[in-house]
Structure formats: structure tokens, C-alpha cells
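To keep things clear, I will list the structure first and then write my remarks on it.
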Amino acid sequence: MAVLIKRRVLLGGALAVAFCGAAFAQDYPTRPITLVVPYAAGGGNDVMARIVAEKMSKSLGQQIVIENKGGAGGSIATRQVAKAAADGYTLGLGGTGTLAINPTLYPNVGYDPRKDFAPVGLIATSALVVLVNNDVPAKTIPELIALAKKEPGKLTYASAGVGSGIHLGAELFATMADIKLTHIPYKGSSPALTDLLGGHVAIYFSSLPPALALIKEGKVRALGVTGPKRSPLLPDLPTVAEAGPLPGYEAVLHYGIVAPAGTPQPIVDKLAGAMKAAMADADVREKIAQDGAEVMAMTPVEYAADIDREETKWSKVVKLSGAQLE
């Protein structure tokens, strides 16, 4: 009898919580929502967040305010989101760096990408493009691999910093191609591209927007894109996987929105619905495409699975690269 009563009490409590969550979500949101972007204003991540937030604001009837907060590769702001009140009023822009790379890169990142967040949905995916300076004789991915094998370690590649998606995309390439490249890290993409143009480094895995004009003007040579399919912005350029003997190679960056774990499911569902509507908007899709990315909408469940797959993949690359920070 006591066990039965206890079960009834627990069931009643669970139903009460569910009812309160649903009732709360019915009125939600009643004030502005903060979307924490874990990088400085003006970058590709920030632009993407603002495009989506603007459209979601109209669906939700409340403004989504962007709060930029950089530091430690985005992990400081992501930790802030993980520890925020689970009421739907603090969201975070999640990405490959913060949710798939940083948990292994940093010894005490302060959050668990699987346990500390309620995924809302994926926004987009963005491939990189493999660039070489014009002094490098390789004109294709196979030729680049052959050149690297001929003189192990002589070819240098730039990155936007240790542990960045650009760094690890190149490391994955070197591992799968069984070649030795020398890493030259920079503090951001601009100085890395500058030194590529100047011939100080041989290779750079660049995001698409800053690379397009340089490719068109013949200032650098593009050998392949790192996504699973060709980019609409460079339709004649093959993927690395199809151009070279690297089946299965893929290095893309994913961007999505997460809430703190424990956020009531009805609120997550309401946010996901607003996201879905935003992703279906032609203007949003066009603006994201102009930023070199491709819309890849996902449900909360699908995004949770994506976070799991990406963290599993990139944690291995971080360990293989020796990029783990002390």
C-alpha cells in the first residue's frame, strides 16, 4: 500500500510539473530572449545568429537580443549558457568548436555537450576550401598529397589558431592522407590568409566568404572543398573526397541553437517551431548562403544526435593532433 501511494505521489508530481511547463510555455515568451553568441561581433557566426534571431523574433512576438561574448574559443560563453536559468530566456549559439572540439581541447571546459544543454535545432553547415599559394606546384588534391609525401614536413599550413575547426580539418586531412604537414597557427583568419598570399605558408583551409574573391582573382589556387558535396558558390570545384583518394573525408562546421538542460519541453518545442519557420524563409536561406553556409534544419532530437556524432568524431581528431591544451 505504501509503495502504491508513493508511486501515485511521484506520478502526480510528474504530471504537475508537465502541466506547469505546458502552461508556462503557453504564455512564453513574455519578455526579450537573450541569444549568447560565443564570439566577437561581425564574424560569420555572429551574422548567422542575427539573421535567424531576427526572423524568430517575429514568430515569437518578442525580440531575441544578441549578446556577444568571446574567450577561450567560445567555451566561456557556452559555460554561461549551460549554467543559466532553464526558462527559455537564455539561449546559446552552439557550434562544432564549442560542442564538439572544446570539451576535449580544454581540460576543464566546464560543461558536458550531451548533458548540459537542451538542443533546439541546427541552423546550417559550412564547408571549408583548401587553398594553396601560387608558388605551390600542386594543382589537385592528389598532387598535393604526392608533394607532401615526397618531402614530409616541408609543406606548411596555416590555421586560425590551435584547436580551431580550420586546424583540425587540416589535421584530419593529413591523417587520412598519411602525410606530414607543419602547422603554423595564427591569431585569426585574416593574418593566416595574408601570409598565404605572401607565400609564407603553403596551405590554408579557409572558410568560403573571404576566399571567393581571392580565387576569382587568381591570387590563390583552390584544390577542393571539405564538405560532402560541391559548394553552390564553387560548383566546378570538386570535394576533397572525390578529388583525391580520401573516401569519407569531410570537415564541416555546424551551427545551431541550444538552451540550458532542464528547459521545459513545451518551450523547446515552441523555439524549435520558430526556428523551423525561419529556416524555411527564402530570405533567410539566401542570406545564409551568401555567408558561405547551407541551411540544414534539424529537430531537437536530430540535433542532439548530431552533437553526439560530431563530438565523437572531433574528439578523436583533437587527441590525434596533440592539440589538447594544458
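The values are calculated or read from the model by the stated rules, or taken from the named source; none is laboratory data. Worth saying up front: this structure is predicted, and the values here are computed from it rather than measured. With ideal geometry, Cβ positions are generated from the backbone for all residues, glycine too; neighbour counts draw on all protein chains shown. Note: accessible area is taken over every heavy atom of the protein model, side chains too, but ligands, DNA and RNA are not part of it. Shrake-Rupley method; radii C 1.70, N 1.55, O 1.52, S 1.80 Å.
Rounded to the nearest 20 debye, the dipole magnitude of the chain is 520 debye, with +1 charges on Lys and Arg beta carbons, -1 on Asp and Glu beta carbons, and the Cα centre as origin.
A simple spin-label model places the labels of residue 219 and residue 31 4.7 nm from each other, with each point 7 Å out along Cα-to-Cβ. Helices that extend 30 Å or more along their long axis by alpha-carbon positions and average at least -0.5 on the Kyte-Doolittle scale are, among the DSSP H runs of the chain, 2-27. Counting only Cβ charges, +1 for Lys and Arg and -1 for Asp and Glu, the dipole size of segment 92-179 around its Cα centre is about 60 debye.
Among the trypsin sites (Lys or Arg not before Pro) found in segment 93-177, those both in a DSSP coil and sparsely packed, with 10 or fewer other Cβ atoms within 10 Å of their Cβ, are 115. Calculated mean residue ellipticity at 222 nm for the chain: -14000 deg cm²/dmol, from DSSP H runs with n ≥ 4 weighted as -39500 (n - 2.57), summed, divided by the residue count and rounded to 500.
Of the cross-linked pairs 139/219; 115/313; 83/319, which ones have a Cα-Cα span greater than 21 Å in the structure shown?
With Cα atoms farther than 21 Å apart: 83/319.
From largest to smallest, the equivalent ellipsoid semi-axes obtained for the chain from the alpha-carbon gyration tensor read 41, 21, 16 Å. Phi angles across segment 31-37 convert, under the Karplus curve 6.51 cos²θ - 1.76 cosθ + 1.60 with θ = phi - 60°, into 3J(HN,Hα) values of 8, x, 9, 9, 10, 7, 9 Hz, Gly and Pro given as x. Counted over segment 172-326 with a bin width of 10 Å, the fraction of Cα pairs per bin, in whole percents, is 8, 29, 36, 21, 6, 0. Computed from phi, the 3J(HN,Hα) profile of segment 105-111 under the Karplus parametrisation 6.51, -1.76, 1.60 (θ = phi - 60°) reads 5, 9, x, 10, 5, x, 7 Hz, with x in place of Gly and Pro. Heavy atoms only, probe 1.4 Å: what % of the accessible area of the chain goes to carbon and sulfur, would you let me know? Percent of accessible area from carbon and sulfur atoms in the chain: 57. Taking amide H atoms as placed 1.01 Å from N in the peptide plane, the amide H of residue 128 lies under 5 Å from those of 226, 227, each 5 or more residues away in sequence or on another chain.
An ellipsoid equivalent to segment 228-279, defined through the eigenvalues of its Cα gyration tensor, has semi-axes of 36, 14, 7 Å when rounded to whole angstrom and sorted largest first. The H on the amide N of residue 94, modeled in the peptide plane, is under 5 Å from the matching H of 256, 257, 258, each at least 5 residues off or on a different chain. Phi-derived couplings, Karplus 6.51 cos²θ - 1.76 cosθ + 1.60 at θ = phi - 60°, listed residue by residue for segment 233-249: 7, 9, x, 8, 8, x, 6, 4, 5, 7, 7, x, x, 10, x, x, 5 Hz, with x used for Gly and Pro.
Solvent-accessible surface of segment 113-185, taken per residue with a 1.4 Å probe and all protein chains present: 38 Å².
Along the charge dipole of segment 149-191, which of 153, 183, 166 sits closest to the positive end, that is, farthest toward it, with unit charges on the beta carbon of Lys, Arg, Asp and Glu (+1, +1, -1, -1)? Highest projection toward the positive end goes to 153.
Sorting 195-208, 122-135, 75-88 by their mean Cβ neighbour count within 10 Å, with the most densely packed peptide first, gives 122-135, 195-208, 75-88. Distances between placed amide hydrogens fall under 5 Å for residue 261 paired with 117, 118, all partners being 5 or more residues away or on another chain. Given axes a ≥ b ≥ c from the Cα gyration tensor, I'd like to know whether segment 98-182 is rounded (a/c under 1.5), prolate (a/b larger than b/c) or oblate. It comes out prolate by the Cα gyration axes.
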